[in-house]
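Only one structure is covered here, and it is reproduced in the block below.
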Amino acid sequence: MNFGRVIRRNFIALVIGLGVVACQSGSDALAPSTTRDTEIATLLAPSPTVQMTMTFELPTEEVTPTPGRPSFGDETLTKYVLRIRLFPAQHQAEVEEVIRWVNDTGGAREELPLVIEAARYPNGFEWLSAMQGEQTLTLEPEMVNVWKIKGMFPVAEGEMTELTLNYRLNLPEIPPPSDTAKPQIYGYTLRQINLVDWYPFIPPFKDNEWLVHPPGYFGEHQVYPVSDYEVVLEILDSSREWLVAASAMGEMDSEGRFHFSLQRARNFVFSLSPDYQINETTVNNIRVASYYFKENASAGEAALQATAQALELYSKLFSPYSRAQLSLVEADFLDGMEYDGLYFLSKGFYNLYDGTPQGYLTMIAAHETAHQWWYSQVANDQALHPWLDEALCTYSERLFYENYYPDLVTWWWFYRINYYQPAGWIDGSIYDYAGYQAYRNAVYLRGAQFFEDLRQAIGEEAFFAALSDYAQQYNGKIASPSDLLDLFRRHTTSDLDTLLRQYFSSFSSQ
Ligand SMILES: [Zn+2]
């Protein structure tokens with residue numbers, strides 16, 4: 001199958017900096033023998049003697065939307081205007097953030113929660129000011145990653161207000177892999193800066209509560225509403241030339257600042273490196289770009305092709321891809337992670353790439369690409385219902401192999417799933433499992449077995465019709481387990497109760 005022309009370039013438009021590229025020590029270039037990864041955990045082939053470790057004021061500023069006035073995006077969506085001045089040499093950033101928020105919570109609000117993941121790191125987040133118009137607001141920590149804004153002029157239901165936040169980020173160094181700590185994505189290494197969950201955001205309000213959760217020891221805990229983004233990035237005080245991967249394609253102005261715009265997205269992330277090589281291709285007019293380190297050129301190309309294949313397949317099976325681009329970035333740490341319009345793929349997979357699709361590089365590229373549907377397009381409460389996206393993305397790997405490499409489906413079931421003899425209820429929260437392996441085995445692996453059994457029980461047509469309905473009906477929403485399961489029930493006359501009792505704690509007790 002032709003996935004379009006691959007363009008090899010030695011440079012890209014998103015280059016900024018003064019002078020020459022500084023030398024890198026390269027000491028972090030190759031994967032150590034550690035074997036952890038958030039998505040999978042194991043980099044080595046199964047062996048009976050090797051136990052895989054899984055590893056990680058004034059109300060004058062309030063504006064009521066006026067019918068007919070020019071709009072940017074959806075007037076009811078929260079909009080973030082972020083101006084970030086990044087100082088790579090100091091590992092710091094100064095940010096001015098304007099949040100335009102429309103109160104859709106069903107009542108007047110004088111307080112708002114803000115999710116501030118950067119505040120989890122020692123001295124990682126410094127407040128400079130928080131204003132509603134000319135009104136100075138106060139902020140109080142509620143959890144390690146959640147603060148409450150107080151002192152707001154009341155915002156009535158349906159009204160819009162603007163908050164202006166100024167703060168400084170002190171980026172943490174990304175620590176080496178550890179068996180006791182969750183992999184860290186946010187921060188810097190010798191040759192990569194990752195700005196993920198880097199700005200305060202207003203969490204979703206659903207069923208009369210704010211969906212906020214503390215971090216777990218493993219798994220993800222954030223719940224993301226869809227919002228609009230305008231982002232301006234300025235890189236200062238650096239002698240290096242930085243290549244920038246982002247959730248959207250950017251444009252550089254005459255002052256050397258990058259401008260990005262993204263609508264209806266779950267988040268906006270960047271990854272920067274002076275060392276990225278870039279390959280790109282197009283699928284259905286969507287730009288797919290692979291950012292990798294030069295020692296991993298063939299793996300960078302393979303990850304690009306797998307992502308392009310997966311994007312084309314899932315667009316047919318689930319629903320059309322809703323962005324103009326997707327970027328995949330070689331992570332300079334042993335972890336993989338999905339974000340809207342961009343995902344990270346562990347450098348460990350690149351280092352182990354053997355020239356075939358029979359390995360984690362291709363498998364996890366298919367998995368992470370599926371998150372653009374099961375995470376970005378249809379979101380879920382990742383802390384309480386992690387199986388909703390993770391089991392679906394793991395099962396999407398199977399769909400990838402059966403469509404492109406059918407001879408490898410048996411291998412996939414053994415190597416990815418059955419080797420681990422997965423056990424456990426699939427519907428626990430990230431706080432419910434005894435450790436990462438127990439979590440992964442139940443949520444990801446048993447989760448994939450559940451979808452296989454469900455497909456067998458209800459048949460091909462019903463299975464794929466329900467998945468497609470789920471992708472389209474819950475696009476832009478935060479789906480619950482019953483939303484998905486009800487769609488499967490609607491597409492079949494089969495009794496699913498016995499099956500559900502095998503996999504779900506919530507059904508087994510009924
Ligand atoms: Zn995943």
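Laboratory data are not the source of any read-out in this text; all were calculated from the coordinates shown. Here the structure is a predicted model, which is why all the values come from computation and not from measurement. Virtual Cβ from ideal backbone geometry, glycine too; neighbours counted across all protein chains shown.
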Item to complete: Give me D for region 384-510 in µm² s⁻¹, whole number, from Stokes-Einstein with Rh from the Kirkwood sum over alpha-carbon pairs, 37 °C and 0.692 mPa s.
Response: 218
Discussion item. In Å, what Kirkwood hydrodynamic radius results for region 431-485 from the alpha-carbon pair distances?
Written reply: 12.8
Fill in: Cubic angstrom per residue, convex hull over Cα atoms of region 200-241
162
Discussion item. Could you work out the percent of alpha carbon pairs in the chain separated by over 42 Å, rounded to a whole number?
Written reply: 16
Worksheet, complete the sentence: Rounded to one decimal in nm, the spacing of the 7 Å Cα→Cβ label points at residue 495 and residue 123 is 6.5
Response to the item:
note: region 338-392, Cα-Cα separations exceeding 14 Å make up a percent value of 56
Practice prompt. Binning at 10 Å from 0, report for region 460-510 what percent of all alpha-carbon pair distances ends up in each bin.
Written response: 24, 50, 26, 1
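Using 0.36 nm per residue, how much length does the chain from residue 261 to residue 502 gain when fully extended, once their Cα-Cα distance is taken away? It would help to have the intermediate numbers written out before the result.
Working: separation 241, 0.36 × 241 = 86.76 nm, distance 4.51 nm.
Fully extending the segment from residue 261 to residue 502 adds 82.3 nm.
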Item to complete: Please work out whether region 147-191 counts as rounded, prolate or oblate from its C-alpha gyration tensor, where a ≥ b ≥ c are the square roots of the eigenvalues and a/c under 1.5 means rounded, while otherwise a/b larger than b/c means prolate and anything else oblate?
Response: prolate
Fill in: R0 of 35 Å, Cβ-Cβ distance residue 83-residue 135: FRET efficiency to nearest 0.05
0.95
Worksheet item: For region 394-436, which semi-axes, largest first and in whole Å, follow from the square roots of 5 times the eigenvalues of its Cα gyration tensor?
Response: 26, 12, 7
Discussion item. So if each residue of separation counts as 0.36 nm, and I subtract the Cα-Cα distance between residue 173 and residue 284, what length gain in nm does that give?
Written reply: 36.1 nm
Response to the item:
For region 345-447, shape from the Cα gyration tensor axes a ≥ b ≥ c, cut at a/c of 1.5 then a/b versus b/c, turns out prolate
Discussion item. If I take the Cα coordinates of region 258-409 and project them onto the principal axes, what are the three extents in Å, biggest first?
Written reply: 45, 37, 32
Worksheet item: So, with +1 on the Cβ of K and R and -1 on the Cβ of D and E, and no other charges, what is the size of the charge dipole of the chain about its Cα centre, to the nearest 20 debye?
Response: 1020
Worksheet, complete the sentence: Among 79/148; 79/477; 182/206; 294/316; 148/477, the pairs whose Cα-Cα distance exceeds 26 Å are 182/206; 294/316
Worksheet item: Using the alpha carbon gyration tensor of region 90-162, what are the three equivalent-ellipsoid semi-axes (square root of 5 times each eigenvalue), largest first, in whole Å?
Response: 24, 14, 11
Fill in: Which of 419, 372, 479, positive extreme of dipole for region 340-484 (C-beta unit charges)
419
Worksheet entry | Dipole in debye (nearest 20) - region 159-252, about Cα centre, beta carbon charges: Lys, Arg +1; Asp, Glu -1 | 400
Worksheet item: Across region 91-96, in residue order, what do the Karplus-derived ³J(HN,Hα) couplings come to in whole Hz, using 6.51 cos²θ - 1.76 cosθ + 1.60 with θ = phi - 60° and x for Gly and Pro?
Response: 6, 9, 8, 10, 10, 10
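Sort region 281-329 into rounded, prolate or oblate with this rule: let a ≥ b ≥ c be the square roots of the eigenvalues of the Cα gyration tensor; rounded if a/c is under 1.5, and if a/c is not under 1.5, prolate when a/b is larger than b/c, oblate otherwise.
Note, shape of region 281-329 comes out prolate.
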Worksheet entry | Share, in percent, of DSSP beta bridges within the chain that are antiparallel, nearest 5 | 75
Item to complete: Based on a Kirkwood Rh over C-alpha pairs, give the Stokes-Einstein translational diffusion coefficient of region 164-310 at 37 °C and viscosity 0.692 mPa s in µm²/s.
Response: 184
Discussion item. Quick check: convex hull of the Cα atoms in region 104-203, volume per residue, rounded to a whole Å³?
Written reply: 116
Fill in: Viscosity 0.692 mPa s, 37 °C: Kirkwood-radius Stokes-Einstein D of region 254-304 over Cα pairs, µm²/s
248
